[in-house]
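What follows is calculated from the coordinates using simple rules that are stated; it is not laboratory data. Being a predicted model, the structure only gives us computed values, none of them experimental. Neighbour counts are summed over all protein chains in view; Cβ atoms, including those assigned to glycine, are modelled from backbone coordinates with ideal geometry.
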């Protein structure tokens, strides 16, 4: 699954161009991926998300929204949730903060949904709702106050990215938040190193640098948001070499 000779570093450089996206299908996206390898990769991504404070980056705009609607329960759906760790972390933070937030999550992969449902989650009064859904094929079934998505946008070509943002916006009553990678040299080599230090997953070790090579720059994210008519959005850099895009629905 990975090169076994000294060509690996040269190969990595060949797929990375900071001036243009280089989208190569990732191993995680292959329909025939072995279930055990898939689960191992999802477990590795849980650790990456924890160390990257992925859920924490989404928390501030959610709290700001909640402070303006304290009289009502808020609902949230995490799109393309993978192993479900970000959704669970948000639900746990809401429980600790006594914030009335009902969290759901969906993913196209039945293996990911099964993995998410099997993970033990502490300090929650009831299990989260995880459901299978392909957001690129069908609009989200229903509406939520907040619609989030992390580390999925870089998997998509431009037309698919527009579909994702359009359907997230249609399903959101109040707020859309996206956390994803930025295409930078630092991020590329950080992904390469972290995938080897944090996990033995061969899937993640292949996919991590490919993800950054396929990521968007801030300028490209702005063009995408503008194309979707997201007036008044907020876009900023966050650690580590990521961006946070948030948009309050008029």
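At a glance:
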quantity: Over the stretch 119-240, volume per residue of the alpha carbon convex hull, in Å³; calculated: 153
quantity: Distance between the stretch 200-239 and the stretch 25-49 - C-alpha centres, whole angstrom; calculated: 19
quantity: Inter-probe distance in nm under a simple model that places probes 7 Å from Cα toward Cβ, at residue 118 and residue 24; calculated: 3.0
quantity: The chain - mean residue ellipticity at 222 nm from DSSP helices (-39,500 (n - 2.57) per run, n ≥ 4, rounded to 500); calculated: -14000 deg cm²/dmol
quantity: Euclidean distance between Cα centres, the stretch 56-83 to the stretch 122-160, Å; calculated: 13
quantity: Nearest 10 degrees, 0 to 90: helix 85-96 Cα axis against the chain principal axis; calculated: 30
quantity: Burial ordering of 226, 107, fewest other beta-carbon atoms within 10 Å first; calculated: 226, 107
quantity: For the chain: relative contact order, % (alpha-carbon pairs under 8 angstrom, 6 or more apart); calculated: 24
quantity: Gain upon complete extension [residue 100, residue 227; 0.36 nm per residue less C-alpha separation]; calculated: 42.4 nm
quantity: Proxy reagent accessibility, fewest Cβ within 10 Å first, across 138, 184; calculated: 138, 184
quantity: Cα-based Rg of the chain normalised by 2.2 N^0.38 Å, two decimals; calculated: 0.98
quantity: For 114, 85, 123, order by how many other beta-carbon atoms lie within 10 Å, fewest first; calculated: 123, 114, 85
